[in-house]
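Below is one structure; the comments refer to it alone.
The values are calculated or read from the model by the stated rules, or taken from the named source; none is laboratory data. Not measured: the values here are computed from a predicted model. Reconstructed Cβ throughout: ideal geometry from the backbone, glycine too, with neighbour counts over all protein chains shown. Accessible surface is based on the protein model in full, side chains and every heavy atom, while ligands, DNA and RNA are left aside. Shrake-Rupley method; radii C 1.70, N 1.55, O 1.52, S 1.80 Å.
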Amino acid sequence: MAGLAIQQVTKQFGDHRAVNDLSLEIAPGEFVALLGPSGCGKTTMLRMLAGFENVTGGEIRLNDTLLASRHHHLPPEQRNMAMVFQSYALWPHMNVADNVGYPLKLRRIQGSEYQRRVAHALAQVALEPYAQRSPQELSGGQRQRVALARCLVTDPAVVLLDEPLANLDRNLRASMEHSFVDFHRRTRATMVYVTHDQSEAMAMADRIAVMRDGELVQWATPEALYRQPRSEWVASFIGQGSQLAIANGAPGQRLTESALMQGLAAAHNSRAQAARQPVLVRPEHIRVDAQAPNEHDLTGRVERLTFRGERYELHLRLPSGEALLAYHHCALEEDQQVALRLLEGWCLEPDQ
Amino acid sequence: MTPSLNVGSQHRWLLSLITLTVVLLSLAPSLRLLAEALSDLGQGSESPLWKVLNAASTWRALWHSVYTSGLGMLIALVLGSLFAFVITLTDIRGKAWLVFCFMLPMMIPPQVTALSWLQLFGPASPLLKSIGMAPPLGSPQPLYSAEGIALLLGIQSAPLVFLALRTSLISLPRELIEAARISGARQTQVWGQIILPVTRHGLIAGAAMAFISSLGNFGIPAMLGIPAGYYVLPTLIYQRMASFGTGVLAEMAALSLLIGVLALAGVALQQYWMNRSRFGLGGHSGRSHDFTLGRFRPAVTTALVGVLLVILVAPLAALVVSSLVPAMGVPLSFDSVTLNAYHEVIGRQGATWRAVRNSLWLAGGAALVLMLCSLPLAYRLQRLPPRLQQLTLSAIELPYALPGVVLAIACILLFVRPLPLINVALYGTLGLIFVAYLARFLVVCLKPVSASLAQLDPSLEEAAQLAGAGPWRRLTTIVLPLIAPSLFAGGLLVFLLAVNELTVSALLWSAGNETLGVLIFNLDEGGESVLASAVSVLVVLMVATLMLSLSLLAPRLPKGVVPWQG
């Protein structure tokens, strides 16, 4: 059980600032995802946690131990962490059991205790029959499970995962997601998981830190991130939805149907560019009526529709020219006019 | 282009060119040698092979070869792995310069290395005399010994071990090391338990390369061994040929076969370990793994610089000092310093200019011809079925993998009689050396070009093809501009190797046809050490300049073309 404190950490590579003034408090036993597009600094942050990179400024603490600061750097081998790499990083000159047991050897654990713990770790990932194989003989998913068993074997304080599913195919990912969650539930280890895939992060993490250009944009649970994204950028990055401009509301406010419809009409009528408030409308909050609309209704023209199996996605165009995404249970004609009801909206901070 | 000359005929034409070149240049000399060595086997104990195998001198020279090369290999292993591990893995400063200086001995011709070390030690050493540390007159030159030969062979071939190991170290994925460190391994444990086992095949391959290269070395055992009566296989062949001429060709062919087989066994071993070293490692490679030296950095830096001072700077300094004194045995001072040797070499000695001219013509000509052949050859090779491509490449590699003496004997055998049909005699002319160089260095020019072609996205050419460009047009307007740097680098490497070449030309030269390598060797043998040193200094300057110009070209070349830049 260990909590991680990241306090105003900054990392500078030459004149490029990869991580800027990042602060996170990670509770003991929490499963945290660092999420962001490539180049946002999430991997650099993870490597600073592991100790592969120095911090330029700020502090990292594990419980009350200082791991890294500007003047202090605890080397990775003394941090009692474990890491799962995107490329598995299995040592090719050792077989599966030796790979898993290597951290134990370094801790001078030998004999029957060594055998027992290696066998236990391999059993947890269902790989006992492969103990004597060489890593090259295994499939991608099996290799990643060996890497996971290597993490299990020493009861590390923190487990770091660097895009561990990026090299696996789609079907395998789902079952590996399950393995990670299962692993977390059993060990209750603090886990930090780096990914650029929002669905992975949403499915597994207790809390998600969304990063952009080296900065923390939002730090929240998956539900909060989906329902209350902070800014236009987060809203476009997480889940599906449309952003409209309205004349009322303030960032962080939830609008009811009437307030939203009024704001939309006001923005449409005034055409004033000044007071525009971006609002996020999720597709599940839109009711589409395929009957011919009357003059009081908000209307939209069907530009395109995509069959998704359980439903259709409608790409609509509002009279104001704004695009809107909605779901509908049956197919509609292209260019058809439909009546729309927007049940609720969430006001966003505009991006600079 | 006429419509009748379609794509098929173009490729046929190229294919026959390849076959012809490979057969004439690469296979013919080796096959001729094999035929000669195995001739008259029916005569039993009178056959050349039998006679050679029964001679005590053969087995003595063979043992000498194996002993000096083996010891040299161990020295190379120690030096090469020290530099490779420290420079590739740690955060030592000035890596580029350390690598350049460590690689320089490989490019300096062996006879120059031998000469500079001879000037460093022994009672007549001008450097030791100048600083008053020379041993008394009459004391033996310590380098005229098996161990002396082995030491220099080790220094000369250490860069081969360095390169092989550095290549495996650089391709070692960063994650393998990071995974070990986060598992709790200290730097020394990571090195001993992860890095060393994963890269040991590269180390073994490098050692095999050092052994083969030492086995074929002629300059060092010739300058250090012949005065002491210590013969290895190449010098034994040279000495026999010098004494008895073409009369003993058949026996020399048999001797060459022996050393050729030994060398090829080494090549096979090296190939085997190189293939074993490819684990199919995934992950991010190509980034150096910075081990922090911390407070040991000054000590480690001092150690490396110290080694370089001993193996490179001190001998070269001795060489320069020797070239500035009026005569051997005179200490260097403000009064005695003189540029006479350089005047003599550049101004008066007719033989020097002739040798320089010959070497420049040979090297320049070989580089140009090989550059012209390499592009179509590599282009067509790329399109051969993989098995055939492998076979062809092995055939092309053969004259370079075999020790130079073997190729020289093979070329003499092939051209000792006037060529049939055209009735032109190549034996005793520069033409013979030229042909031998073409055969030997074809692979040196071809490899960078092939590497470059392999990296070329095929769609570039396919796009040109769809746009309506025929094969020759694609080759000249699309492929050539893209691989021009590699082609040029290949030519430059050939020039660098050929201009200093000694082993082949030592057996093939004749009066008036000396090369630069032969000149240094002859001057030293004739007791003109000061003149030999002056020529050597000029040669080293030329080598360093050529290497620097290749380094400048390096950013535009595929990885591995410039040997001293990983």
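Can B:Ala76 be described as crowded, with 21+ Cβ neighbours inside 10 Å and in contact with a Gly (Cβ under 6 Å, 6 or more places away or on another chain)? Yes; evaluated as a whole, the condition is true for this residue.
Can you confirm whether the range B:419-436 contains a residue that is on the phi > 0 side of the Ramachandran plot and free of Cβ contacts under 8 Å to residues at least 12 places away in the same chain?
Step one: of the range B:419-436, the residues on the phi > 0 side of the Ramachandran plot are B:421, B:423, B:428.
Still in the running and free of Cβ contacts under 8 Å to residues at least 12 places away in the same chain: B:421, B:423.
Yes.
In the range B:49-63, the residues that are touching a residue at least 60 places away in the same chain (Cβ under 8 Å) and in a helix (DSSP H, G or I) form Cβ pairs under 8 Å with partners that are among the small types (Gly, Ala, Ser) and open to solvent by less than 90 Å² (accessible area, probe 1.4 Å), at six or more places apart or across chains, as follows: B:Leu49/B:Ala37; B:Leu49/B:Ala254; B:Lys51/B:Ser45; B:Lys51/B:Ala254; B:Val52/B:Ala254; B:Leu53/B:Ala254.
Residues are listed down the side, and each one gets a yes or a no for (1) in contact with a His (Cβ under 8 Å, 6 or more places away or on another chain); (2) within 30 Å of A:Phe85 (Cα to Cα); (3) more than 14 Å from every other protein chain (Cβ to nearest Cβ):
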{"position": "B:Gly148", "(1), (2), (3)": "no, no, yes"}
{"position": "B:Gly154", "(1), (2), (3)": "no, no, yes"}
{"position": "B:Arg166", "(1), (2), (3)": "no, yes, yes"}
{"position": "B:Glu178", "(1), (2), (3)": "no, yes, no"}
{"position": "B:Ile212", "(1), (2), (3)": "no, no, yes"}
{"position": "B:Gly216", "(1), (2), (3)": "no, no, yes"}
{"position": "B:Gly219", "(1), (2), (3)": "no, no, yes"}
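Among the residues making up the range B:377-391, those that are open to solvent by 20 Å² or more (accessible area, probe 1.4 Å) and either assigned to a helix (DSSP H, G or I) or among the basic types (Lys, Arg) (or both) are B:Arg380, B:Arg383, B:Pro386, B:Arg387, B:Leu388, B:Gln389, B:Gln390, B:Leu391. Candidates in the range B:231-243 are the residues that are surrounded by fewer than 24 Cβ atoms within 10 Å (Cβ to Cβ) and of a type in the set (A, V, I, L, M, F, W, C); of these, the one that is farthest from B:Tyr400 (Cα to Cα) is B:Ala242. Scanning the range A:114-131 for any residue that is more than 34 Å from the chain's Cα centre (by Cα) and among the aliphatic types (A, V, I, L, M) turns up nothing. Evaluate the range B:84-104: report whether one residue or more is in a helix (DSSP H, G or I), in contact with a helix residue (DSSP H, G or I) (Cβ under 9 Å, 6 or more places away or on another chain) and open to solvent by 50 Å² or more (accessible area, probe 1.4 Å). For the range B:84-104, residues in a helix (DSSP H, G or I), in contact with a helix residue (DSSP H, G or I) (Cβ under 9 Å, 6 or more places away or on another chain) and open to solvent by 50 Å² or more (accessible area, probe 1.4 Å): present. Being at pLDDT 90 or above and under 26 Å from the mean Cα position of the chain (by Cα) is a description that does not apply to B:Leu264. For A:Ala121, the test of being crowded, with 23+ Cβ neighbours inside 10 Å, free of Cβ contacts under 8 Å to residues at least 40 places away in the same chain and either assigned to a helix (DSSP H, G or I) or within 11 Å of chain B (Cβ to nearest Cβ) (or both) is passed. Selection of the range A:280-293 for residues being in contact with an Asp or Glu (Cβ under 9 Å, 6 or more places away or on another chain) and at pLDDT 90 or above yields A:Leu280, A:Val281, A:Arg282, A:Pro283, A:His285.
Yes or no, residue by residue, for (1) over 22 Å from A:Glu232 (Cβ atoms); (2) touching an Asp or Glu at 6+ places or on another chain (Cβ under 6 Å):
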position	(1), (2)
A:Ala250	no, no
A:Leu264	no, no
A:Asn269	yes, no
A:Pro278	no, yes
A:Val302	yes, yes
A:Glu313	no, no
A:Ala323	no, no
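Going through (1) surrounded by fewer than 23 Cβ atoms within 10 Å (Cβ to Cβ); (2) in contact with a Pro (Cβ under 6 Å, 6 or more places away or on another chain) one by one, B:Asn522 falls short only on (2).
Confirm whether B:Ser168 is farther than 26 Å from B:Arg440 by Cα and either at pLDDT below 85 or not assigned by TED's automatic domain parsing to the domain that holds B:Val405 (or both).
Numbers: farther than 26 Å from B:Arg440 by Cα: yes; either at pLDDT below 85 or not assigned by TED's automatic domain parsing to the domain that holds B:Val405 (or both): yes.
Yes, satisfied.
A single member of B:Pro140, B:Pro126 is open to solvent by 10 Å² or more (accessible area, probe 1.4 Å), away from chain A (no Cβ under 14 Å) and modelled with pLDDT under 85, and it is B:Pro140.
Applying the criterion of at least 1 residues that are more than 21 Å from B:Asp290 (Cα to Cα) and among the acidic types (Asp, Glu) to the strands (runs of 3 or more DSSP E) found wholly in the range A:3-86 leaves A:16-26, A:57-62. The residues of the range A:154-167 that are open to solvent by 10 Å² or more (accessible area, probe 1.4 Å) and either within 11 Å of another protein chain (Cβ to nearest Cβ) or farther than 30 Å from A:Thr65 by Cα (or both), listed by number, are A:Thr154, A:Pro156, A:Asp162, A:Ala166, A:Asn167.
In the condition set (1) open to solvent by 10 Å² or more (accessible area, probe 1.4 Å); (2) within 14 Å of chain A (Cβ to nearest Cβ); (3) of a type outside the set (Phe, Trp, Tyr), B:Ala228 is compliant with all but (2).
Just one of the listed residues (B:Gly517, B:Gly527, B:Gly512) is assigned to a loop (DSSP other than H, G, I, E, B) and either within 27 Å of B:Pro126 (Cβ to Cβ) or without any contact (Cβ under 8 Å) to a residue 12 or more places away in the chain (or both), namely B:Gly527.
Per-residue answers, yes or no, for (1) open to solvent by 10 Å² or more (accessible area, probe 1.4 Å); (2) away from chain B (no Cβ under 14 Å):
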| site | (1), (2) |
| --- | --- |
| A:Ile60 | no, yes |
| A:Thr65 | yes, yes |
| A:Pro76 | no, no |
| A:Gln86 | yes, no |
| A:Asn99 | no, no |
| A:Pro103 | no, no |
| A:Arg108 | yes, no |
| A:Gly111 | yes, yes |
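Determine if the range B:377-388 includes at least one residue that is closer than 27 Å to B:Met241 by Cβ and among the hydroxyl-bearing types (Ser, Thr, Tyr). Scanning the range B:377-388, I find no residue that is closer than 27 Å to B:Met241 by Cβ and among the hydroxyl-bearing types (Ser, Thr, Tyr), so the answer is no. Scanning the range A:321-343 for residues being surrounded by fewer than 16 Cβ atoms within 10 Å (Cβ to Cβ), assigned to a loop (DSSP other than H, G, I, E, B) and in contact (Cβ under 8 Å) with a residue 60 or more places away in the chain gives a total of 1. Which condition does A:Ala126 not pass, out of (1) more than 10 Å from chain B (Cβ to nearest Cβ); (2) surrounded by 17 or more Cβ atoms within 10 Å (Cβ to Cβ); (3) in a loop (DSSP other than H, G, I, E, B), if it passes all the others? Just one mismatch for A:Ala126, condition (2). In the range B:328-345, the residues that are crowded, with 16+ Cβ neighbours inside 10 Å form Cβ pairs under 6 Å with partners that are assigned to a helix (DSSP H, G or I) and of a type in the set (Ser, Thr, Tyr), at six or more places apart or across chains, as follows: B:Met328/B:Ser529; B:Pro331/B:Ser130; B:Leu332/B:Ser130; B:Ala341/B:Ser323; B:Val345/B:Thr352.
Among A:Gln136, A:Gln144, which is the only one that is among the polar types (S, T, N, Q), farther than 23 Å from A:Ala201 by Cα, within 13 Å of chain B (Cβ to nearest Cβ) and in a helix (DSSP H, G or I)? Before you say what the answer is, go through the steps one by one.
On the way: A:Gln144 fails: farther than 23 Å from A:Ala201 by Cα.
The match here is A:Gln136.
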